[in-house]
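Engineer: Structure provided below as structure tokens; questions to follow.
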Amino acid sequence: MIHVHNIKKEYKIAKRDPGLRGAVKSLFYRKFETKHAVKGIDFHIEPGEMVGYIGANGAGKSTTIKMLTGILTPSSGSISVNSIVPYENRQKNAKNIGAVFGQRTQLFWDIPVRESYDLLKHIYEVPEQQFNETMKTFTEVLNLEPLLAIPVRQLSLGQKMRCELAAAFLHRPKVVYLDEPTIGLDVAVKIKIREFIKEMNRLYGTTVILTTHDMQDIEEICSRIIIIDEGSVIYDGSLQAIKEQFGHKRIIHFEMDNITSPLLPPALEGKAEILPAEEESEKVSVSFSSRDISGAEVISEMMKAYNVTDLTIADPKIESIVEEIYGRGMVQEEKHAEIH
Ligand SMILES: Nc1ncnc2c1ncn2[C@@H]1O[C@H](COP(=O)(O)OP(=O)(O)OP(=O)(O)O)[C@@H](O)[C@H]1O
């Protein structure tokens, strides 16, 4: 469905010396600097896959999505989406794709939502019966009925985002790009949006590429993730595999009597560490790898050394796994050996 081969994108940024002198000088003599935002990315996505495209701020996610949608042309390399080269054939490509770009709207600001959908129906030439069926499903799953008569500008962020999603899926596109679809929303709306995306994938086999900083979105929606860092892919594989590969970190929080800064019992040295205490927390957190020592041994040693009154075992969170991968920049051999 989506084939991306060795794409690169460079931006030319005008450089200016500081101050008034710099401003005047730049009128006559302009200096440019090249920003390599995407540095040779490859991936293939099968029809119906739901892929999380993640990375730290400035990693190159939006630039990639803009190239996939045809808004930007790669500096080199090639892209094909459903056998179309998006940046050479933007209109044809637009019929096959839907997109939600975080804060931007594709709905018409001053007219009721229902009329925006009618316009989109004409633009995308959606048959009447299909439109009615689709609207019925969307209205139910996203609870849109009370919003249809309201102009977009009067909607709250969460209401607007529900309407945006419906607009992106309205013409039953084969591929939908979602750039931060849950940013700034409360938990209840996030849950609704995630359910809707999964339901669309189930009903229509829509391929979804999701960019988000919310790891819960990824866990709920995607089975595969592509992680990019400074313009290069550093991981492409299943979420399960990354959890198995990196999810051996464990943390146990202990509550104990009258201990302010406990020391690690000697038997745990080199195998576990005490984490810096969080502000106002009376708990002592011990981190270790299940490859080095079992949780039972850690608990037993801590209980021998201290008067433990309670404990909780934290699950390895995808957030911390991803942070760890960003942090270590994940060496290439490891990436290829484990994932490809
Ligand atoms: N139009 C532009 N001109 C110059 N540089 C740009 C432009 N757009 C993006 N960049 C730079 O390219 C790099 C990648 O940006 P991009 O927006 O693709 O990152 P991102 O992963 O989407 O980040 P975020 O999570 O913050 O949205 C950044 O260093 C950014 O400053």
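No value in this document is a laboratory result; all are computed from the given coordinates. Bear in mind that the values here come from a model prediction, so they are computed numbers and not experimental data. No Cβ is skipped: glycine too gets one built from the backbone with ideal geometry, and neighbour counts run over all protein chains shown.
Engineer: Working from Cα positions, state the angle (0 to 90°, nearest 10) between the long axis of helix 113-123 and the longest principal axis of the chain.
Structural biologist: So the inclination is approximately 60 degrees.
Engineer: Counting pairs of alpha carbon atoms under 8 Å apart in space and at least six apart in sequence, what relative contact order in percent does the chain give?
Structural biologist: In percent, rounded to a whole number, it is 18.
Engineer: Sticking with this one: Principal axes first, then extents: for the Cα atoms of region 94-252, list largest minus smallest coordinate on each axis, whole Å, largest first.
Structural biologist: Principal extents (Cα only, largest first): 51, 30, 29 Å.
Engineer: Rounded, prolate or oblate for region 21-100? Axes are the square roots of the Cα gyration tensor eigenvalues, ordered a ≥ b ≥ c, and the cut-off for rounded is a/c under 1.5.
Structural biologist: Prolate is the answer for region 21-100, as a/c is 1.5 or above and a/b outweighs b/c.
Engineer: Here's something else I'd like to know. Per 10 Å bin, what is the whole-percent P(r) computed from every C-alpha pair distance within region 1-50?
Structural biologist: Distribution as computed: 22, 27, 20, 15, 12, 4 percent.
Engineer: Against the longest principal axis of the chain, how steep is helix 19-28, in degrees 0 to 90 to the nearest 10, with axes from Cα atoms?
Structural biologist: 40 degrees
Engineer: Choose one answer from 40, 295, 60: the residue with the largest mean-square fluctuation in a GNM of the chain with alpha-carbon springs under 10 Å.
Structural biologist: It is 295.
Engineer: Mind putting a number on the dipole of the chain about its Cα centre? Charges go on the C-beta only, +1 for Lys and Arg and -1 for Asp and Glu, and I need it in Debye to the nearest 20.
Structural biologist: That gives the chain a dipole magnitude of about 2080 debye.
Engineer: Identify, among 227, 191, 119, the residue whose Cα sits farthest towards the positive end of the charge dipole of the chain, taking +1 on the Cβ of Lys and Arg and -1 on the Cβ of Asp and Glu, with the dipole about the Cα centre.
Structural biologist: Highest projection toward the positive end goes to 119.
Engineer: Ok, one more. Given 61/283; 9/174; 39/192, which pairs have Cα atoms separated by over 27 Å?
Structural biologist: 61/283; 39/192
Engineer: Then there's this: Which residue fluctuates most in the GNM of the chain (Cα springs below 10 Å): 41, 111, 225?
Structural biologist: 111
Engineer: Could you state the principal axis extents of the C-alpha atoms in the chain, from the largest down, to the nearest angstrom?
Structural biologist: So the three principal-axis extents are 73, 58, 45 Å.
Engineer: Next up: Connecting C-alpha atoms closer than 10 Å in a GNM of the chain, tell me which of 308, 189, 126 has the biggest fluctuation.
Structural biologist: 308
Engineer: Where in region 236-275 does the amide nitrogen come within less than 12 Å of the point 7 Å from the Cα of residue 313, taken along Cα to Cβ?
Structural biologist: Answer for region 236-275: 250-253.
Engineer: Between residue 106 and residue 282, what is the FRET efficiency for a Förster distance of 45 Å, r being their Cβ-Cβ separation, to the nearest 0.05?
Structural biologist: Once rounded, the FRET efficiency stands at 0.35.
Engineer: When the expected Rg is taken as 2.2 N^0.38 Å, what fraction or multiple of it is the alpha-carbon Rg of region 248-319?
Structural biologist: Ratio of Cα Rg to 2.2 N^0.38 Å: 1.03.
Engineer: Can you give me the angle between helix 128-142 and the longest principal axis of the chain, using Cα atoms only, in degrees from 0 to 90, rounded to the nearest 10?
Structural biologist: In the chain, helix 128-142 runs at an angle near 30 degrees to the longest axis.
Engineer: Counting each DSSP H run of 4 or more residues in the chain as -39500 (n - 2.57), what helix-only mean residue ellipticity at 222 nm follows after dividing by all residues, to the nearest 500 deg cm²/dmol?
Structural biologist: My calculation for the chain gives -11500 deg cm²/dmol from helical runs alone.
Engineer: Just want the answer: with Cβ charges of +1 for Lys and Arg and -1 for Asp and Glu, which residue in 163, 182, 13 is farthest toward the dipole's positive end in region 2-243?
Structural biologist: Checking the options against the dipole of region 2-243, the answer is 13.
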